[in-house]
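The values are calculated or read from the model by the stated rules, or taken from the named source; none is laboratory data. Just so it is clear, the structure is predicted and the values come from calculations on it, not from any experiment. Glycine also receives a Cβ, built like all others from the backbone with ideal geometry; neighbour counts cover every protein chain displayed. Protein only, heavy atoms only, side chains kept; ligands, DNA and RNA dropped before computing areas. Shrake-Rupley method; radii C 1.70, N 1.55, O 1.52, S 1.80 Å.
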Amino acid sequence: MVLESGDRAHAAQRWSARLSLTAAVLAVLLPLLWAGADSLILVAVLLFGVTATVAALWWVLAHRGLTRAAAGVLAVLVPLTVVAFFDAEDMLLLVVLSLGLWAVSVWAGRAALTSTGSHTVPVTEHRTPAPRRPFLIMNPRSGDGKVVRFGLKEKAEALGAQVVLLDPDRPVDVAALAREAADAGADLLGVAGGDGTQALVAGVAAERGLPFLVISAGTRNHFAMDLGLDRENPAASLDALTDGVEVHVDLGFAAGRPFVNNASFGAYAAVVQSPAYRGEKVRTILELLPDLLTRQRGPRLTVHAAGTTIEAPQAVLVSNNPYRTGDPAGLGLRERLDSGALGVLGVTVDNAAQAAGLLRGRQAAGLTVLTAREVVVDADLPRIEVGIDGEALVLPVPVHCRIEPGALRVRVPGNRPGVPAVKPPMDWRRLRKLAATVGRTAVARHRH
């Protein structure tokens, strides 16, 4: 008898789980069988190499002059020395095979866990009439000229939208421009530009209760990505004007200024304030970071969130809904935009050992991960640098951050790529249980 599709799916899950566990066991046994007691030396050398490399990179960022140069040399020599050691001991192939088995184990394990159920909460879509008087603001320089390259102005006007092109040589208050359009009868506000411009117009849309259109014409398009929009073809976003649905998402505020992605405080916020940052990013970072990381420059921050106080962090990120932090593959992604909570990420690192400790992820002593409805960032200076969706600002302290759940009505195309799939973190207990099942459901159905 042919198994039903559900039974085949369950069988695939079980075999993926068994493959994952088998590969993990082989990854552990292979060094023991190949090198015996010397496998302990292999593990020790690997750990030493990774730790020393991370520590050297910390010295590169936190120092200047001869110390930085020596640390840079060390950051290159340590990995090369580790590889040379394994090669001399005839264990290089062993390391490659063992790492390959671990990769297979993680891939198969995540495939099994992903297929057991969804790990993202789908956002509710609302069917609403198409806008009759949409008003769009477009930045022709954003995203290396995507507005012009994709003919966004002409395509939007052909769909009945009023379009205003920003003049980079004549700065304009886009929030005031959006309010004027709303007063004139616009029933949708939209932006083709960077996240900073989107945030300002989104604040006006939320204030006036109007739908908001995101056109993925920025450089990074973080907000568009988490909305599931097509970032390769920004013109596809315009389909929302004729065949679209609404999703209601949260909107963050820092000192009353809206943000769709995040507000950053500390080292990064101070770096982006530098006039030289736009032209020479790497050089500016290397020049400013030593004083910022060693607290010789910049404010001493204190963060209050969810009953927790973070003392003197070098960097703080407050995000509109939490970013994934438990898995490198999910960094920079938000599973939800409607959880009603801010994400808080604080980094406090005072030496190379603590920098190396960040490899432990969420368990690292220098890393604080929280969620909260409100966050207060205070400092020992009257004003501090803040980066709000990439825009450099200087704000008086304390800076109050809050979130307004479901405040923003975003109109998106009915057919869009969707939020990038993020594999769930490894759960070895679930994998063992899944692998141990023998397909009793399928057997019972066969007998019936």
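Taken over segment 361-370, the residue count meeting the criterion of being surrounded by fewer than 15 Cβ atoms within 10 Å (Cβ to Cβ) and in a loop (DSSP other than H, G, I, E, B) is 1.
Out of Arg373, Arg411, which single residue is open to solvent by less than 50 Å² (accessible area, probe 1.4 Å) and more than 19 Å from Ala269 (Cβ to Cβ)? Give the derivation first.
On the way: Arg373 fails: open to solvent by less than 50 Å² (accessible area, probe 1.4 Å).
The match here is Arg411.
One residue stands out among those in segment 62-76 that are modelled with pLDDT of 85 or more and surrounded by 14 or more Cβ atoms within 10 Å (Cβ to Cβ): the one that is nearest to Leu359 (Cα to Cα), which is Ala75.
Look at Asp90 and say whether it is modelled with pLDDT under 85 and outside any helix (DSSP H, G or I). Reasoning before the result, please.
Numbers: modelled with pLDDT under 85: yes; outside any helix (DSSP H, G or I): yes.
Spelling it out, Asp90 is indeed modelled with pLDDT under 85 and outside any helix (DSSP H, G or I).
Got a number for residues in segment 243-266 being of a type outside the set (Asp, Glu) and open to solvent by less than 10 Å² (accessible area, probe 1.4 Å)? Working first, answer last.
Here is the first cut: in segment 243-266, the residues of a type outside the set (Asp, Glu) are 244-245, 247-249, 251-266.
After this cut, where a residue has to be open to solvent by less than 10 Å² (accessible area, probe 1.4 Å) as well, the list is 244-245, 247, 249, 251-252, 254, 259-261, 263-265.
Residues meeting the conditions: 13.
So which residues in segment 376-399 are acidic (Asp, Glu), assigned to a loop (DSSP other than H, G, I, E, B) and open to solvent by 30 Å² or more (accessible area, probe 1.4 Å)?
First, the residues of segment 376-399 that are acidic (Asp, Glu): 378, 380, 385, 389, 391.
Checking the rest, the ones that are also assigned to a loop (DSSP other than H, G, I, E, B) come to 380, 389.
Scanning segment 376-399 gives a single hit, Asp380.
Take Ala421 and tell me if it is of a type in the set (A, V, I, L, M), over 24 Å from Ala206 (Cα atoms) and either at pLDDT below 75 or in a loop (DSSP other than H, G, I, E, B) (or both). Taking the combined requirement at face value, the residue satisfies it.
For the structure I just gave you, tell me whether Ala84 is modelled with pLDDT of 85 or more, farther than 28 Å from Arg324 by Cα, open to solvent by less than 50 Å² (accessible area, probe 1.4 Å) and aliphatic (A, V, I, L, M).
No; evaluated as a whole, the condition is false for this residue.
Every residue in segment 93-104 that is at pLDDT 85 or above and either open to solvent by less than 50 Å² (accessible area, probe 1.4 Å) or among the hydroxyl-bearing types (Ser, Thr, Tyr) (or both), please. Once the filter is applied, which keeps residues that are at pLDDT 85 or above and either open to solvent by less than 50 Å² (accessible area, probe 1.4 Å) or among the hydroxyl-bearing types (Ser, Thr, Tyr) (or both), segment 93-104 yields Ser98, Gly100, Leu101. In the condition set (1) more than 20 Å from Ala355 (Cβ to Cβ); (2) open to solvent by 60 Å² or more (accessible area, probe 1.4 Å), Leu47 is compliant with all but (1).
When you scan segment 307-327, do you find a residue that is touching a Ser or Thr at 6+ places or on another chain (Cβ under 8 Å), of a type in the set (Lys, Arg) and open to solvent by 20 Å² or more (accessible area, probe 1.4 Å), even just one? No: zero hits.
Kindly establish whether Trp34 is under 30 Å from Arg295 (Cα atoms) and crowded, with 16+ Cβ neighbours inside 10 Å. For Trp34, the condition - under 30 Å from Arg295 (Cα atoms) and crowded, with 16+ Cβ neighbours inside 10 Å - is not met. For first residues located in segment 305-330 and under 22 Å from Gly256 (Cα atoms), partners that are among the acidic types (Asp, Glu) and modelled with pLDDT of 95 or more and lie 6+ apart or on another chain with Cβ distances below 8 Å form the pairs Ala305/Glu374; Asn320/Asp250; Asn321/Asp250.
Name every residue in segment 223-260 that is among the β-branched types (Val, Ile, Thr), assigned to a loop (DSSP other than H, G, I, E, B) and touching a strand residue (DSSP E or B) at 6+ places or on another chain (Cβ under 8 Å), in order of residue number.
Correct list: Val260 only.
Going by what's in this entry, would Arg402 be described as open to solvent by 50 Å² or more (accessible area, probe 1.4 Å), under 23 Å from the mean Cα position of the chain (by Cα) and modelled with pLDDT of 80 or more? Before the answer, list the steps.
Values: open to solvent by 50 Å² or more (accessible area, probe 1.4 Å): yes; under 23 Å from the mean Cα position of the chain (by Cα): yes; modelled with pLDDT of 80 or more: yes.
Judged against the criteria, Arg402 is a match.
So, of the residues in segment 433-448 that are modelled with pLDDT of 60 or more and out of contact with any Leu (no Cβ under 7 Å at 6 or more places or on another chain), which turns out to be surrounded by the most Cβ atoms within 10 Å (Cβ to Cβ)? Result: Leu434.
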